[in-house]
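The values are calculated or read from the model by the stated rules, or taken from the named source; none is laboratory data. Just so we're clear, the structure is a prediction, and the values are computed from it rather than from any experiment. All Cβ positions, even for glycine, are placed from backbone atoms using ideal geometry, and neighbour counts span all protein chains on display.
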Amino acid sequence: MSGSLSVKPVLARPELITTIDTGYEINRVACLGDNHIWTCGEDKVMKLYSLRGKMLQSIQTELGDFPGDIAVTRSGDLLYTDPESKTINVVENQRRKESKEFQMWKPYSLCSTSSGDLLVYMISDYHKQSKVVRYSHSFIEKQLIQFDEKGKLLFSLGFIKYISENRNLDICVADNGASTVVVINRAAKLKFRYFGCYSASKKSFDPYGITTDSQSQILIADCYNNCIHILDQGGQFLRYVRLKLDLPWGLCVDTRDNLFVAEWGSGKVKKIKYMQ
């Protein structure tokens with residue numbers, strides 16, 4: 001990425017700024033600007049909240065199935081996957097504007113990139129294959145990411161994966177089935193894997209939500225250990241964010257580098273300041 005970047009150090013003691021109680025089991029959160037968040041979970045309805053906790057909108061999935069993931073485009077449209085109907089859906093002003101249906105693949109997680117493309121994690125019927133596909137905003141396939149240089153699958157075959165594009169255009173995938181984070185460069189070459197940094201006496205690494213910030217840092221929700229891991233862009237562990245989290249699952253970062261954590265255990269979204 002071109003242009004200078006001011007260095008913002010990570011706080012030694014992150015601060016809890018706001019708590020939003022959604023009242024239902026949530027596992028995903030997506031920032032709409034700096035003042036609103038979309039949420040979804042084990043419910044057929046996606047909900048938009050102000051940071052004061054007021055629900056402003058609700059949208060039900062087209063076929064009444066749980067959304068697999070949500071994201072927000074650069075223009076502010078809501079995206080959601082519906083694995084059971086094998087669709088990715090675009091919602092504008094509370095109405096479904098567009099839908100892309102797949103034949104043999106179920107889309108689970110997705111993110112909207114800085115270029116306006118979509119990165120989508122998908123698994124085949126019967127869970128025999130998995131892949132990440134880059135689509136244009138009009139759903140034209142631009143890039144397929146599936147195997148490493150030795151022809152081995154980059155991702156496990158389970159469906160719990162979340163994906164984010166870093167500022168340096170790396171693709172970061174939290175692969176819960178393999179208890180690892182897989183980072184791939186823009187040319188689809190494996191850059192590194194992160195397996196957590198626990199000793200043998202600690203609980204295992206349990207990655208779920210993943211996001212990145214203005215410093216190209218990678219933030220990973222570790223649900224089992226109730227913390228957030230912060231890595232630099234090269235995969236070096238920097239620190240944990242804890243703050244009495246209750247099964248943290250979904251993550252997003254706003255334009256000011258505030259972290260939003262969707263807690264599956266409590267049904268709350270916590271806004272956290274973790275950088276100066």
Name every residue in the range 1-56 that is basic (Lys, Arg) and closer than 18 Å to LEU79 by Cα, in order of residue number.
-> ARG28, LYS44, LYS47
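Take residues that are surrounded by 12 or more Cβ atoms within 10 Å (Cβ to Cβ) and either of a type in the set (Lys, Arg) or at pLDDT below 90 (or both) and tell me which of the strands (runs of 3 or more DSSP E) falling wholly in the range 44-149 contain 3 or more.
On the way: elements: 45-50, 55-60, 69-72, 78-82, 87-92, 95-101, 105-112, 118-124, 130-135, 141-145.
The strands (runs of 3 or more DSSP E) meeting that bar are 95-101.
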Pairs, first over 13 Å from THR211 (Cα atoms) and assigned to a strand (DSSP E or B) in the range 171-187, second among the hydroxyl-bearing types (Ser, Thr, Tyr) and modelled with pLDDT of 95 or more, C-beta under 6 Å, six or more apart | none
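Scan the range 222-241 and give yes if some residue there is over 18 Å from VAL10 (Cα atoms) and part of a strand (DSSP E or B), otherwise no. Lay out the reasoning, then the answer.
Our first condition is that a residue be over 18 Å from VAL10 (Cα atoms); within the range 222-241, this holds for 222-226.
Retained after the next criterion (residues that are part of a strand (DSSP E or B)): 222.
Yes: the range 222-241 contains one or more residues that are over 18 Å from VAL10 (Cα atoms) and part of a strand (DSSP E or B).
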Over the range 28-43, the set of residues modelled with pLDDT under 95 and either polar (S, T, N, Q) or not in a loop (DSSP other than H, G, I, E, B) (or both) is GLY41
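Would you pick out the residues in the range 259-276 that are assigned to a loop (DSSP other than H, G, I, E, B) and either on the phi < 0 side of the Ramachandran plot or among the hydroxyl-bearing types (Ser, Thr, Tyr) (or both)?
TRP264, GLY265, SER266, GLN276
Please find, among ASN258, ASN185, the residue that is under 20 Å from LEU11 (Cβ atoms), in contact with an Asp or Glu (Cβ under 9 Å, 6 or more places away or on another chain) and at pLDDT 95 or above. So that I can check it myself, show each step before the final result.
Values: ASN185 fails: under 20 Å from LEU11 (Cβ atoms).
Of the residues listed, the single one that is under 20 Å from LEU11 (Cβ atoms), in contact with an Asp or Glu (Cβ under 9 Å, 6 or more places away or on another chain) and at pLDDT 95 or above is ASN258.
So, in the range 150-164, of the ones that are in a loop (DSSP other than H, G, I, E, B) and aliphatic (A, V, I, L, M), which residue ends up modelled with the highest pLDDT? Before the answer, list the steps.
Looking only at the range 150-164, we keep the residues that are in a loop (DSSP other than H, G, I, E, B), and these are 150-152, 154-160.
Narrowing the set further to residues that are aliphatic (A, V, I, L, M) leaves 154, 157, 160.
On the way: LEU154: 95, LEU157: 89, ILE160: 86.
Here the residue is LEU154.
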Of the residues in the range 150-166, those that are surrounded by fewer than 17 Cβ atoms within 10 Å (Cβ to Cβ), more than 19 Å from ALA221 (Cβ to Cβ) and touching a residue at least 12 places away in the same chain (Cβ under 8 Å) number 2
Neighbours by Cβ (under 6 Å, 6+ apart or cross-chain): first from the range 237-254, of a type in the set (Gly, Ala, Ser); second assigned to a strand (DSSP E or B) | GLY250/ASN27; GLY250/ARG28; GLY250/VAL29; GLY250/GLY209; GLY250/ALA262
